[in-house]
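Participant: Mind looking over this structure? Questions follow.
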Amino acid sequence: MSKKEEQEKKGAAKPEKKAEKKGEKGVNALYKIEGDNVTRLRPTCERCGPGYFMAKHKDRYTCGHCGFTRYRQVEK
């Protein structure tokens with residue numbers, strides 16, 4: 001048995017996994033620019049004020065600063 005076959009048998013020569021890109025990050029994911037208008041894509045926290053965006057989950061929006069949660073209707 002050759003060294004290469006022994007390494008494959010032991011699992012040393014595993015194929016490398018490529019990292020998948022998640023979505024947009026940063027300010028680009030929070031705003032949408034159309035001509036001269038800027039719109040916010042996510043709501044702001046009702047307790048903390050306009051400086052804090054809420055995280056978008058499957059069935060709710062959550063503030064990372066104070067923990068406020070607002071549930072939303074999910075269309076099936």
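The values are calculated or read from the model by the stated rules, or taken from the named source; none is laboratory data. Keep in mind the model is a prediction, meaning the values are calculated, not measured. Methodologically, a virtual Cβ is constructed for each residue, glycine included, from the backbone with ideal geometry; neighbour enumeration extends over all protein chains shown.
Participant: Which of the residues belonging to the stretch 48-73 are among the hydroxyl-bearing types (Ser, Thr, Tyr) and in contact with a Lys or Arg (Cβ under 7 Å, 6 or more places away or on another chain)?
Facilitator: Scanning the stretch 48-73 gives 61, 69, 71.
Participant: Taking residue 49 as the residue in question, decide whether it is at positive phi and at pLDDT below 90.
Facilitator: no
Participant: Output the residues belonging to the stretch 25-40 that are in a loop (DSSP other than H, G, I, E, B) and modelled with pLDDT of 90 or more.
Facilitator: Matches in the stretch 25-40: 35, 36.
Participant: Among the residues of the stretch 41-56, write down those that are more than 16 Å from the chain's Cα centre (by Cα) and either hydrophobic (A, V, I, L, M, F, W, C) or part of a strand (DSSP E or B) (or both).
Facilitator: Of everything in the stretch 41-56, those that are more than 16 Å from the chain's Cα centre (by Cα) and either hydrophobic (A, V, I, L, M, F, W, C) or part of a strand (DSSP E or B) (or both) turn out to be 44, 45, 48, 49, 50, 51, 52.
Participant: Surrounded by 11 or more Cβ atoms within 10 Å (Cβ to Cβ), touching a helix residue (DSSP H, G or I) at 6+ places or on another chain (Cβ under 6 Å) and either outside any helix (DSSP H, G or I) or modelled with pLDDT of 90 or more (or both), is that true of residue 13?
Facilitator: yes
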